[in-house]
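Reading through the structure tokens given below for one structure.
The values are calculated or read from the model by the stated rules, or taken from the named source; none is laboratory data. Computed from a predicted structure; not experimentally measured. Because the Cβ atoms are built from the backbone with ideal geometry, glycine has one as well, and the counts that use them run over all protein chains shown. Heavy atoms of the whole protein, side chains included, go into the accessibility calculation; ligands, DNA and RNA do not. Shrake-Rupley method; radii C 1.70, N 1.55, O 1.52, S 1.80 Å.
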Amino acid sequence: MSHDKLYVFDTTLRDGEQSPGASMTKEEKVRIAKALDRMKVDIIEAGFPAASKGDFDAVQAVARTCKYSTVAGLARAKESDIDRAGEAVKDAPKSRVHTFIGTSPIHMQAKLKMEPDAVLECAVAAVQRARQWTDDVEFSCEDAGRSEADFLCRIIEAAIDAGARTVNIPDTVGYNVPEQYGGLIRSLRERVPNSDKAVWSVHCHDDLGMAVANSLAGVQNGARQVECTINGLGERAGNASLEEIVMAVRTRRDVFPCDTDIETTEILPTSRLVANITGFHVQPNKAIVGANAFAHESGIHQDGVLKARETYEIMKAQDVGWNNNRMVMGKHSGRNAFRSKLEELGITFETAGELDDVFARFKDLADKKHEIFDEDLQALVTEAYTEEVNERYQLKRLHVCCESDVVPEASIALLIDGEEKQAKATGDGPVDAAFKAIESLVESGAELRLYSVNSITGGTDAQGEVTVRLLQGDRVVNGQAADTDIVIASAKSYVNALNKLSQQGFREHPQIAAADL
Ligand code: KIV
Ligand code: ZN
């Protein structure tokens with residue numbers, strides 16, 4: 001079977017970021033974009049530049065970073081949105097403007113309050129405007145999965161005539177089933193007269209757990225671009241997961257007449273990076289990247305795998321990044337070895353001072369922990385980056401006392417704008433007591449929306465990676481920190497979230513910002 005190229009369009013930084021609580025800073029987006037670029041993702045959708053200045057800046061920073069991937073900016077079918085997106089991506093070596101408009105009866109009537117002919121005119125004008133910025137223009141029919149096929153044919157034909165080179169058919173609300181969605185792609189390709197002038201793209205949400213199955217049904221019916229996210233991150237139940245789609249077409253080349261150029265060994269490190277930055281950790285039984293995805297527990301399976309791996313495994317764990325680069329730095333590792341290890345992980349620093357800072361943190365960790373794995377290094381760098389954000393608050397000391405049948409108590413010393421302040425509080429556990437002591441000094445009034453602890457690697461000396469999500473007004477931030485002591489990691493993570501909340505010019509969540517436009 002001959003194999004076409006299947007383009008991978010990653011929207012972790014845009015649709016993925018629309019997961020409530022997953023908003024990322026500019027620096028975090030750039031780190032993820034570097035990992036996606038290294039993985040050879042064809043197109044990275046970096047954000048929605050018209051949403052806010054912060055979003056614009058983040059997309060522009062990604063555009064200036066990527067070497068391999070095309071960088072796309074999303075825009076509603078409005079001149080001002082398109083110009084913001086065009087401006088934000090124009091410094092990328094390869095840029096794309098992605099414009100969309102709702103095409104289903106419910107979107108046109110209730111949201112846009114527009115007649116179908118006016119929607120079509122708007123789409124054509126948007127594509128033409130976007131072509132003034134770049135030849136690479138994508139047009140999406142939002143809620144295509146619930147749109148009327150005749151109208152889709154008309155608007156897609158007009159968008160292609162106006163210069164769209166990719167047409168995307170989103171199942172925006174995750175309503176379709178595979179046979180229906182695959183049939184939709186096939187019939188549109190057959191009915192739209194100029195369908196051969198564009199790449200057909202699928203974009204599926206996971207509300208009924210069918211995003212990957214629907215995307216693959218689209219691919220079997222002629223789509224040659226898949227829109228997806230790392231770990232399936234995304235709005236509500238998420239988007240189709242990149243790693244599952246890529247490995248499905250790679251593993252079943254007998255079924256799919258296409259393949260991607262993805263560097264699959266980068267999948268696991270990138271999955272870990274996204275989880276680490278967003279605080280959305282993957283469940284152990286998640287395909288490809290879950291901790292148990294390649295683990296064999298039952299004796300019969302273990303015996304089979306030892307005799308011949310293929311008895312119970314259809315992919316090699318190493319091919320998606322498991323066990324590659326596992327090892328290992330330790331207290332005797334020098335600065336050069338440390339720097340080249342980070343470079344292997346795609347982490348570089350602009351100044352020697354930044355490297356020195358992370359190296360000092362590494363040495364501290366090496367004193368507490370015997371072996372330091374790639375995941376520990378990623379967490380260390382995340383912490384160094386997040387502390388750079390704004391150091392209004394710093395944890396100076398923490399003392400907690402907990403004993404059975406005694407109410408836990410925490411004493412805390414914080415530097416607030418450089419001045420040391422101290423407080424004590426009790427709580428129903430050591431973490432609760434530490435948070436209450438911090439809050440009594442800072443008085444943020446923020447509501448704790450998520451507290452999660454994840455063990456970065458195995459073993460009792462593993463670092464605990466803590467995510468704290470705080471809500472203040474309509475702002476949601478994630479604080480992260482890692483430490484071999486999880487109470488300290490928790491307090492540092494809480495302080496990190498408070499620092500993010502105290503930032504001036506904070507980047508509002510793109511959807512909240514866009515709702516005000
Ligand atoms: O789900 C959707 O319809 C989208 C579009 C903006 C492409 O994310
Ligand atoms: Zn979407």
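In region 379-394, is there at least one residue being at pLDDT 85 or above, more than 26 Å from the chain's Cα centre (by Cα) and not basic (Lys, Arg)? Within region 379-394, one or more residues are at pLDDT 85 or above, more than 26 Å from the chain's Cα centre (by Cα) and not basic (Lys, Arg). Each residue in region 454-496 was checked for being in contact with a His (Cβ under 9 Å, 6 or more places away or on another chain), open to solvent by less than 50 Å² (accessible area, probe 1.4 Å) and among the charged types (D, E, K, R), and 1 of them qualify.
Which of (1) part of a loop (DSSP other than H, G, I, E, B); (2) buried (at least 24 other Cβ atoms within 10 Å of the Cβ); (3) within 12 Å of ligand 1 (Cβ to nearest atom) is the odd one out, the single condition residue 201 does not satisfy? Checking residue 201 against (1) part of a loop (DSSP other than H, G, I, E, B); (2) buried (at least 24 other Cβ atoms within 10 Å of the Cβ); (3) within 12 Å of ligand 1 (Cβ to nearest atom), the one that fails is (1).
Does region 267-274 contain any residue that is touching a strand residue (DSSP E or B) at 6+ places or on another chain (Cβ under 9 Å), among the β-branched types (Val, Ile, Thr), open to solvent by less than 30 Å² (accessible area, probe 1.4 Å) and free of Cβ contacts under 8 Å to residues at least 60 places away in the same chain? So far as region 267-274 goes, no, none of its residues is touching a strand residue (DSSP E or B) at 6+ places or on another chain (Cβ under 9 Å), among the β-branched types (Val, Ile, Thr), open to solvent by less than 30 Å² (accessible area, probe 1.4 Å) and free of Cβ contacts under 8 Å to residues at least 60 places away in the same chain. Each residue in region 394-414 was checked for being touching a strand residue (DSSP E or B) at 6+ places or on another chain (Cβ under 6 Å) and either surrounded by fewer than 16 Cβ atoms within 10 Å (Cβ to Cβ) or not assigned by TED's automatic domain parsing to the domain that holds residue 497 (or both), and 6 of them qualify. Among the residues of region 423-442, at least one is at pLDDT 90 or above, open to solvent by less than 70 Å² (accessible area, probe 1.4 Å) and assigned to a strand (DSSP E or B).
Considering only residues that are out of contact with any Asp or Glu (no Cβ under 6 Å at 6 or more places or on another chain) and either assigned by TED's automatic domain parsing to the domain that holds residue 474 or aliphatic (A, V, I, L, M) (or both), which ones fall in region 25-39?
So in region 25-39, the residues out of contact with any Asp or Glu (no Cβ under 6 Å at 6 or more places or on another chain) come out as 25, 27-35, 37.
Hits for region 25-39 are 30, 32, 33, 35.
If the requirement is being modelled with pLDDT of 95 or more and within 27 Å of the chain's Cα centre (by Cα), which of these qualifies: 158, 125, 164?
Details: 158 fails: within 27 Å of the chain's Cα centre (by Cα); 125 fails: within 27 Å of the chain's Cα centre (by Cα).
Only one candidate qualifies: 164.
Condition check ((1) open to solvent by 30 Å² or more (accessible area, probe 1.4 Å); (2) away from ligand 2 (no atom under 16 Å from the Cβ); (3) among the acidic types (Asp, Glu); (4) assigned by TED's automatic domain parsing to the domain that holds residue 149) across all residues:
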{"position": "54", "(1), (2), (3), (4)": "no, yes, no, yes"}
{"position": "72", "(1), (2), (3), (4)": "no, no, no, yes"}
{"position": "84", "(1), (2), (3), (4)": "yes, yes, no, yes"}
{"position": "93", "(1), (2), (3), (4)": "yes, yes, no, yes"}
{"position": "100", "(1), (2), (3), (4)": "yes, no, no, yes"}
{"position": "105", "(1), (2), (3), (4)": "yes, yes, no, yes"}
{"position": "109", "(1), (2), (3), (4)": "yes, yes, no, yes"}
{"position": "112", "(1), (2), (3), (4)": "yes, yes, no, yes"}
{"position": "115", "(1), (2), (3), (4)": "yes, yes, yes, yes"}
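As a summary of the residue check, residue 235 satisfies the conditions (1) open to solvent by 10 Å² or more (accessible area, probe 1.4 Å); (2) modelled with pLDDT of 95 or more except for the one numbered (2). Kindly evaluate residue 158 against the criterion of being assigned by TED's automatic domain parsing to the domain that holds residue 43, away from ligand 1 (no atom under 13 Å from the Cβ) and not in a strand (DSSP E or B). Considered against the rule, which asks whether it is assigned by TED's automatic domain parsing to the domain that holds residue 43, away from ligand 1 (no atom under 13 Å from the Cβ) and not in a strand (DSSP E or B), residue 158 comes out as yes.
Take residue 500 and tell me if it is of a type in the set (Lys, Arg) and in contact with a helix residue (DSSP H, G or I) (Cβ under 8 Å, 6 or more places away or on another chain).
Working: of a type in the set (Lys, Arg): yes; in contact with a helix residue (DSSP H, G or I) (Cβ under 8 Å, 6 or more places away or on another chain): yes.
In short, yes.
Each residue in region 238-258 was checked for being more than 17 Å from residue 178 (Cα to Cα) and open to solvent by 20 Å² or more (accessible area, probe 1.4 Å), and 6 pass. Just one of (1) out of contact with any strand residue (DSSP E or B) (no Cβ under 9 Å at 6 or more places or on another chain); (2) closer than 22 Å to residue 484 by Cβ; (3) in a helix (DSSP H, G or I) fails for residue 343. It is (2).
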